[in-house]
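The values are calculated or read from the model by the stated rules, or taken from the named source; none is laboratory data. Bear in mind that the values here come from a model prediction, so they are computed numbers and not experimental data. Cβ: placed from backbone, ideal geometry, glycine included. Neighbour counts: every protein chain shown. Note: accessible area is taken over every heavy atom of the protein model, side chains too, but ligands, DNA and RNA are not part of it. Shrake-Rupley method; radii C 1.70, N 1.55, O 1.52, S 1.80 Å.
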Amino acid sequence: MGRTVVVLGGGISGLATCYHLSRAPRPPKVVLLEASERVGGWIRSVRGPDGAVFELGPRGIRPAGPLGARTLQLVRDPQDRRARFLYVGGTLHPLPSGLRGLLRPCPPFSRALLWAGLRELTAPPSEAPDETVHSFTERRLGPEVAALAMDSLCRGVFAGDSRQLSVRSCFPSIYQAERTHRSVLLGLLLKAEQSPQLDSLLARQARAERWSQWSLRGGLDTLPQALDAYLSDRGVHILRGQPVSALSLQAGGRWKVALGDSSLDADHVVSALPAAELSPLLPAEAAPLAAVLATIRAVSVAVVNLQYRGAQLPVQGFGHLVPSSEDPGVLGIVYDSVAFPEQDGSPPGLRVTVMLGGSWMPSGGPAPSLELLQQQALKAASQQLGLTDPPSHCLVHLHRDCIPQYTLGHWQKLEAAAQFLATQKLPLSLAGASFQGVAVNECIESGRLAAARALGGPPEP
């Protein structure tokens, strides 16, 4: 009888795990368990009455680097992207780029970024094993870059506070660049020159046309739905509406996966659940691992999709981020119609998405009402983009505990979890956004690596 691998969670990490398991030379029996009635996790696209696409979760994927190239191997039909902005002092400012942005002061920055670069090249490296993103950036690039640029970036990527997030875990490339080359700028330049590039038709096109983001015509939800169909054709058993109630170890080292009134036996379990959700499912033998996983918390984000008829944006770009000093509750606004005009519907209307909350949303007590979130989003769109007329369409969704926070010392939690799994020889692999990256590319890569561990060999190239 062949081996059975059970994958917990049908988000993009779990789907990617199943994809790579099914492509093994001698694939095991693969069962995917998803608690809800749909796969895709936080990736979800809905259509408006005019055919416009509204993304309730991630709306674009970066093509850059090896991970971006791997994701492009799964998809087709990408599009081009454009500039980013910061909203500071009641004004939209384009992020500096090119020689002008390097040599001249570009608001909201009071000095040319050349000075920050010179400071970075001469700043001594730190000996500390970890550091907050804010402290690291302030030390190497100055307080202004830390307070405006990196504060906003952490809010845009993690919906988190740069004064709490770990630079080692959130931005490992810049942490390693300082460690290896004593300079972030030199380290990143040398790494870019030395990194091998995965080659494919789409990867070459992305490099040639300098994409910064891509999506699919029907929305990003097209990707998990296509993987769903592909996995079904490959013999993967996808069980929807099947929340796991407990995991227990049997004699011989196999798992029993409890599903309420029924159960499954597995030789190996891959969990693509959030760390805090997996923690209470683990047996007593894995109490030390459960304790570590319980400390990896996540924040909630409200996504408000707005559509306007006959309106125009004051700038053209991908969107803007809002530093916490400007408006803590508003993380930023994405200009969906500029990034992906093919999704505007007919007749086309202007689409934007306001992101709210994150670390600044109260974690205790009742959640804010959808009406209050809508009011906050409309106020932000009016004040920051001049969109004062009522929207023709509005969607409000609150995603509870959707973005894990890699706070100071997160790397130690990962090391403790890995050491426990290795020492106890538990047939359990971990995947998903709770561990080493919250972006879609990193979640897909975590599934590839988890599949390799489940198969007992190195990951496929």
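Summary table
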| quantity | calculated |
| --- | --- |
| Antiparallel DSSP beta bridges within the chain, as percent of all bridges there, nearest 5 | 70 percent |
| Computed FRET value (nearest 0.05) for Ser262 with Thr295, which takes r as the C-beta separation and R₀ as 25 Å | 0.20 |
| Inter-label distance, nm, simple model (7 Å from Cα along the C-beta direction), Ser126/Ala276 | 2.5 nm |
| Accessible carbon and sulfur surface of the range 122-170 relative to its total accessible area, %, 1.4 Å | 59 percent |
| Chain lengthening between Arg111 and Arg182 when straightened (0.36 nm per residue, less Cα-Cα) | 23.2 nm |
| Relative contact order, percent, the chain [alpha-carbon distance under 8 Å, six or more residues apart] | 25 percent |
| Counted charge near Ala418, where neighbours are those whose Cβ lies closer than 14 Å (Asp, Glu -1; Lys, Arg +1) | +2 |
| 0 to 90° range, to nearest 10: angle between helix 113-122 axis and the chain longest Cα axis | 50 degrees |
| Using a Förster distance of 56 Å, the FRET efficiency for Glu371-Ala422 (Cβ separation, nearest 0.05) | 0.65 |
| Ordering of 362-373, 7-18 by burial proxy (mean other Cβ atoms within 10 Å per residue, highest first) | 7-18, 362-373 |
| Helix 370-385 vs. the chain, principal-axis angle (Cα, 0 to 90°, nearest 10) | 40 degrees |
| Over the chain: helical MRE at 222 nm, DSSP H runs n ≥ 4 each giving -39500 (n - 2.57), nearest 500 | -10000 deg cm²/dmol |
| Viscosity 1.567 mPa s, temperature 4 °C, Stokes-Einstein D of the chain from Kirkwood C-alpha radius, µm²/s | 55 µm²/s |
| Apportionment of accessible area to carbon and sulfur, the range 213-265, percent (1.4 Å) | 49 percent |
| Accessible area per residue, Å², the chain with all protein chains present, probe 1.4 Å | 46 Å² |
